[in-house]
Amino acid sequence: MCGLFEVGLVGHHVGRNGRTPTAPSSGFCLLNNVVIGALHARMHPSVTRVAVLDWDIHHGNGTEELLRGDPRSFFASIHLYHNDFFPGTGPTASDANIVNVGLQNAGLGSGSEYDDWLLFPAMEAFQPDIIFISAGFDGHKDDILGGCAAVSNRAVPAGYVEAHQNLRIGVGSKSVVMALAHSFADADADKPSLQPWVASVAAAYSQRPIFEDLVETLGHVLALPSLDAKAGYIRANTAPKPGTPVQTMLGYPVSTLHQITQRMRKYAGGVAACEYKYDGARLQIHVSKRTVSHMTPTNEGPDLAVFSRNCERIPADHKYFDTISTHVVPYMNAHVESIIVEGEMVAVADDQTQQLLPFQTLQTNGHTAMCLFAFDCLYLNGTSLVHRPFQDRRAALHAAFTPPSTSTTSTLPGQPPRSPRQQLPQRFQFVQSQDVSFSLHEDPDTDENEDLLSNSPAKLLQNVLQAAVDADCEGLMVKALDEPYKPGCRTHTWLKVKRDYLPATPCMASGMFLPDSLDLVPIAAFRGKGRRAHVFGSFLLACYDPTTQLFHTVGKVGSGFTDVDLAAISKRLEDTVVAVKPLEYDASEVKSIQPDVWFEPTEVWEIRAAQLTKSVKYTAGSTYLNAPSPPPPSTTSNTSCSITSRTDAHKSCGLGLRFPRFLAVRRDKAVVQATSDDQLASLYLDSQTNNLSMTIINDDHKRH
């Protein structure tokens, strides 16, 4: 199978003459679009067999009439399965490539054998090159005519979303972009000439990641004489525009400050902006149609759209949207008519301190105090800025807004920015930043120790990093000033450095640095997407409480695995899947973070994480976080903790891992020997009083 298409406005009642003999009227269906698409696809040399899967309250009688008897076509219809309902039910036995299934028996109960299914074996035997999905929506349980509420409680919006998400065919957006580029290229084009053309199509999609827009634009290049002309047209007509998200540019993490100095010297000018890396949600703000000459906090006027880092639209009733419309848009300067800005939304304490709070706080529904720290401008007044150097984009950003207090970002040359604890951030600010020249030492052989001299770039960088950490930030983003914005790319012109590279300072308001790995139990999994479509993509981890014999969730891990690891782990853990969450699992009931499957506790994994922080999504340590005194140090993973009993009040907030990474399976440990609940609580609570022991508490935790 090489492709799958979902089709709306299907017209599945239209037969050979516009209607079928069994239908008294098919006037509401004008064209059978799914059959037109299927037969057109079959004209391609690589496509010989096409399948159409139709689900609707009504039988797809027109589609069946058009495809019946065609050995290269397969049709399956899932519908209300009785002849008293228009337009009746078509026979199945006369054609092996026609399958009609009733809504009542479309899904079988647990324990059914695979051979009991009608649809899947028939479609697998047919082996289609492309599947067209004809999706009807009058099967909704609230549809008056269909009345499917008595048949299925899953015919609701969430059910349609779940069905869409479960169509895992292992094709990512990059593969689709590549396929489109080759489809619109010259048939006789050689590989060297194809490469810049494919790159231009990929760049177009990264600036406007909507396939409908891309296909429409590609349709205009067919008549152009050469790939160069086509590429030029694509570049000229796919610039960012307000209302359509731009794929975000990402930076590479580095393991030492010395790596930053060496890397940044390679770029023109050798000067980089060292920006605070905030612990928040990255957002993209689009403003257009702003015609008033000056905005105040009470005016309305421009169109506003807000997108997440994954290009998902933030709804207008979301607290992010409300904060931006109230505290950001009103401070645009008079010359701004349209703009695309990137920034980080950070939770702040709703008191006089306005202290920066961890990302987990931002996710709680009740917390509305937050500040947007803007750091880039991608578009201004009809002009794309993505190809401009960062220093120009930053200048455009600072000229476009006058935040309520710009003094928080001003510093003397050579001094780190002032801490947000010293200056209140209000609700909108520019990101804290300091420019550092990395060309002070011309000797390319300067080693790491020499690079930490008092006047060296690395020492200045370390000072700024320390200031960022003191301000409860994650670290720094170091950005070359002369480089453009590269949508959808991870590039070395942006480098990410965390607090890990400072002298040990484990106690921070946003969490604590973990000095060693943890031994945790995988208790559930989330199915993968894209390249990981056929394996588990990430796993829910838990620690163990020997006192209560409960497993408490502490984070989700999806990195550190090779493809071979994931295949082997998925196969192994698939045999331990249970139908419902075991009673011994203490996990959040928030619907948005529920896993796809639960496991029996059978393995212990060694996990490395950067930080342990308070979290409303996980339950580890929740017994102790609000206790009058911290738990006593444990000596083994089986030591009981007797300081307090679990109460509902203590279950509101637990401990979660930041940036967990899989290292290995601990085959030498049983699940009851995993890192315990009181050990995690001791690590966190001791760090708050600066008494952290820089080893995991149980003696045998670290592998030698």
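General remarks:
- Between K174 and K529, the contour length at 0.36 nm per residue exceeds the alpha carbon distance by 126.5 nm.
- On a per residue basis, the convex hull of the C-alpha atoms belonging to the stretch 213-262 measures out at 146 Å³.
- Listed by Cβ neighbour count within 10 Å, with the fewest neighbours leading, K277, K459 appear as K459, K277.
- Simple spin-label estimate for E216 and A670 gives 6.4 nm between the two label positions (7 Å along the Cα-to-Cβ direction from each Cα).
- Each label was represented as a point 7 Å from its Cα along the Cα-to-Cβ direction; for A334 and A567 these points are 6.6 nm apart.
- Gain on full stretching of the segment that runs from N381 to A189 - 0.36 nm per residue minus C-alpha separation: 65.3 nm
- One Cα centroid belongs to the stretch 221-286, the other to the stretch 532-591; the line between them spans 36 Å.
- Ranked list, fewest to most other Cβ atoms within 10 Å of each Cβ, for M477, M332, M43: M43, M332, M477
- Pair-distance profile P(r), taking every C-alpha pair of the stretch 173-237, with 10 angstrom steps and integer %: 22, 64, 14
- When each of the peptides 47-53, 210-216 is scored by the mean number of other C-beta atoms lying within 10 Å of its residues, the order from highest to lowest reads 47-53, 210-216.
- A protection proxy built from the mean count of other Cβ atoms within 10 Å ranks the segments 523-532, 121-130, most packed first, as 523-532, 121-130.
- Remark: relative contact order (the stretch 173-237) = 37 percent; criterion is Cα-Cα distance under 8 angstrom and separation of 6 or more residues.
- Neighbours of A396 by Cβ distance under 10 Å: Lys/Arg scored +1, Asp/Glu scored -1, total +1.
- As a rough footprinting exposure proxy, the listed residues V198, V14 were ranked by other beta carbons within 10 Å of their own, and the order from fewest upward is V198, V14.
FYI, it's all coordinate maths here, none of it is from the lab. Fair warning: this is a prediction, and the values are worked out from it, not measured in the lab. Reconstructed Cβ throughout: ideal geometry from the backbone, glycine too, with neighbour counts over all protein chains shown.
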